[in-house]
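Below is one structure, written out as structure tokens; the observations come after it.
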Amino acid sequence: MMDMKLVKNIKAVSPLIATIILIAITVAGGLVTYALFTSTAGVSSAKGQVSFESVDLVRTGEQLAFAATLKNGGNKPVKNITVSLHQNEALSFDGVDDYVDCGHGSSLNILSEVTYAAWFKSTSTADTRIAEKYQDETVRAVLFGFVGGKILCEIKTINGLVGVWSIHTFNDGLWHHGAITYSQAVGKIRVYIDGNLENEGVQSGTIVDAAAVPLIIGSRKGTSQFFNGLIDEVRIYNRALTADEIQESYQGYSNNAGMVLYLPFDGDTKDYSGLENDGTNYGATFIDAPDVYVVTGGLEPGRTVAISSAIRVSGPRGKYVVGNRYSITVSAVYVDGSESATTTTVTCR
Ligand SMILES: [Ca+2]
Ligand SMILES: [Ca+2]
């Protein structure tokens, strides 16, 4: 059975990322089923009965081809199989005192057209920040917050403060892509979740000049409003991305035009936009955030299943580098509810 929550949980882990791809799976015997490329939390590593017969990872330019043959070597029918590729980390914030300070580089002092975007995962109902440039109620620019499970964007311009909330709550513990934009030319603040416009509001004028105020990830000023959960792939642009571009970001395509900050949070808090707005990490920890294929088809004992898909690799920082080894885990849930997992490694070629 297709787990809709899993399917909704599309965290296009980037810079490598996949668009949502339907993968045809042909089970020996002719049954054809489908799986979505998606991503969820990690999996266990216990020895299991479903294993890899073969696995292959090939990068050609911006394309990554993944192929594997899985076998149910046990005597119980499998209900659900998940395959995950481990190469990506996210940053975990404890909701107490963790944050990242990206300083106040001039490229972050954006006055008229702006986008903040990030992946987030949380169950918090608190008043927290994903990213903010805030000194006090007078000198404050952009607030990209997670408040009561909703995304909140506040933009302060010379004409005053306007806040726009997402309509829905997103503190369901699943990965979501959040993006907020302000365009002085259009006169709108817009909030997008998972690639779609959630809400918008009217605002006007140039954004308050906060040149000396650092950009803080996961907190207000590093002193309050601490984010509780995971943040990944933070991007800031000095232009308001279009709805189509936001949708593409959600699907994992990296748009570099006007990008002034890019934090992939894969083992460091450096800025990979090229503008050196590197973050200093105060206590947040890196956790494994694998790319996951959810293979929804069942698998009878003794049978094999071949899966394959093409993934588009994008972004300024190449992932799944040729010659590097990556860990791949297959997790199985059996019809009786028991579970197993087996991990192997593969060299990208
Ligand atoms: Ca990451
Ligand atoms: Ca801490």
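Put in order of Cβ neighbour count within 10 Å, fewest first, the listed residues Phe120, Phe286, Phe226 become Phe286, Phe226, Phe120.
Value of Rg to Rh for the stretch 156-244, rounded to two decimals, is 0.95; Kirkwood radius and Rg both from alpha-carbon coordinates. In terms of surrounding Cβ atoms within a 10 Å radius of their Cβ, Cys102, Cys348 rank from fewest to most as Cys348, Cys102.
Scalar couplings 3J(HN,Hα) for the stretch 266-277, obtained by applying the Karplus form with A = 6.51, B = -1.76, C = 1.60 to θ = phi - 60°, are 9, x, 7, 10, 6, 8, 9, 7, x, 9, 6, 8 Hz; x denotes Gly and Pro. Which Cα, out of Thr181, Leu230, Asn196, lies furthest along the positive dipole direction of the stretch 135-287 (beta carbon charges, K/R +1, D/E -1)? Checked the options; the winner is Thr181. With coordinates expressed along the principal axes, the C-alpha atoms belonging to the stretch 90-288 extend over 40, 33, 30 Å, beginning with the largest.
Between the amide H of Ser112 and those of Ile207, distances stay under 5 Å, these residues lying 5 or more places away or on another chain, with hydrogens modeled in the peptide plane. Between Ala306 and Ala211, how high is the FRET efficiency from 1/(1 + (r/R0)^6) when r is the Cβ-Cβ distance and R₀ = 56 Å? Nearest 0.05. Computed FRET efficiency for Ala306 and Ala211: 0.50.
FYI, it's all coordinate maths here, none of it is from the lab. Quick caveat: nothing in here was measured; it's all calculated off a predicted structure. With ideal geometry, Cβ positions are generated from the backbone for all residues, glycine too; neighbour counts draw on all protein chains shown.
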